[in-house]
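For reference, the structure discussed in these notes is given below.
The values are calculated or read from the model by the stated rules, or taken from the named source; none is laboratory data. Just so we're clear, the structure is a prediction, and the values are computed from it rather than from any experiment. Neighbour counts run over all protein chains shown; Cβ positions are idealised from the backbone, glycine included. All accessible areas refer to the heavy atoms of the entire protein, side chains included, with ligands and DNA or RNA removed. Shrake-Rupley method; radii C 1.70, N 1.55, O 1.52, S 1.80 Å.
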Amino acid sequence: MLGKDTGIRYDKSQVPTVQNMTCDRKRGSIRYGLNAHEDESLPEFKGENGSEDYVCHGPERISLAIGGRTVAAPHIAAEYDLYGAVPDPLTTVKTVYSKSLAEDAERTLVGEAQTVTTKTAAITCQRNVWETFPMTTCLWANHGAVGAVDFFPPAGRHPELAEAVARTKELIATGLVGRAGNS
């Protein structure tokens, strides 16, 4: 169950650490994942690194066939958006899900979404297909940030929802630099 607001807010995002992965800031104009800015009711944050994209690779990159060509993709593409306050993380996750993933014409949803809450965050994960390959996408929010994570298929299959939730928790825990006290 999602706990009370701890008062932790974030000054910036940092390169996350994920077990057995190498992560770095995404460079270039190609966007791998979803946009997490879909809840217009949230106050904009103007701090350092308020919105950053990260990609994480395992020991080998994933090759995907898209439109007659093969491209190398990361195992994980993540984005963080920092806010002064997110009053209701569960409602925010539902809003971002309905306005981004559920309405994304380029993605076909597979099965039902799974929503879990921890003491500090709400996470919704959904299997989906983009172009011809399966992926699992997780959207999350806590009381100071919102994020979107795409998990690309390491073996041509949807990453398991439980694995995606666990990795999302790692990204949240290691990708944000917080400070105590309300903003």
**Asked** What is the number of the single condition among (1) under 15 Å from the mean Cα position of the chain (by Cα); (2) open to solvent by less than 40 Å² (accessible area, probe 1.4 Å) that residue 115 does not meet?
**Response** (2)
**Asked** Out of curiosity, is residue 131 in contact (Cβ under 8 Å) with a residue 24 or more places away in the chain, at positive phi and either open to solvent by 20 Å² or more (accessible area, probe 1.4 Å) or touching a strand residue (DSSP E or B) at 6+ places or on another chain (Cβ under 6 Å) (or both)?
**Response** yes
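Can you find, within segment 3-22, the residue that is surrounded by the most Cβ atoms within 10 Å (Cβ to Cβ) among those that are more than 23 Å from residue 163 (Cα to Cα) and either under 18 Å from the mean Cα position of the chain (by Cα) or touching a residue at least 12 places away in the same chain (Cβ under 8 Å) (or both)? Walk me through how you get there before you give the answer.
Of the residues in segment 3-22, the ones more than 23 Å from residue 163 (Cα to Cα) are 4-12.
Now narrow it down to the ones that are either under 18 Å from the mean Cα position of the chain (by Cα) or touching a residue at least 12 places away in the same chain (Cβ under 8 Å) (or both): 5-12.
Numbers: 5: 17, 6: 14, 7: 14, 8: 17, 9: 23, 10: 25, 11: 17, 12: 14.
Per the criteria, the residue is 10.
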**segment 118-128, residues that are surrounded by 16 or more Cβ atoms within 10 Å (Cβ to Cβ) and over 15 Å from residue 153 (Cα atoms)** = 118, 120, 121, 122, 123, 124
**Request:** Would you mind stating whether residue 15 is in contact with a His (Cβ under 9 Å, 6 or more places away or on another chain), under 19 Å from residue 170 (Cβ atoms) and at pLDDT 75 or above?
**Result:** no
**Item:** Residue selected from segment 147-170 under the condition part of a helix (DSSP H, G or I) and charged (D, E, K, R), by the criterion nearest to residue 117 (Cα to Cα)
**Value:** 169
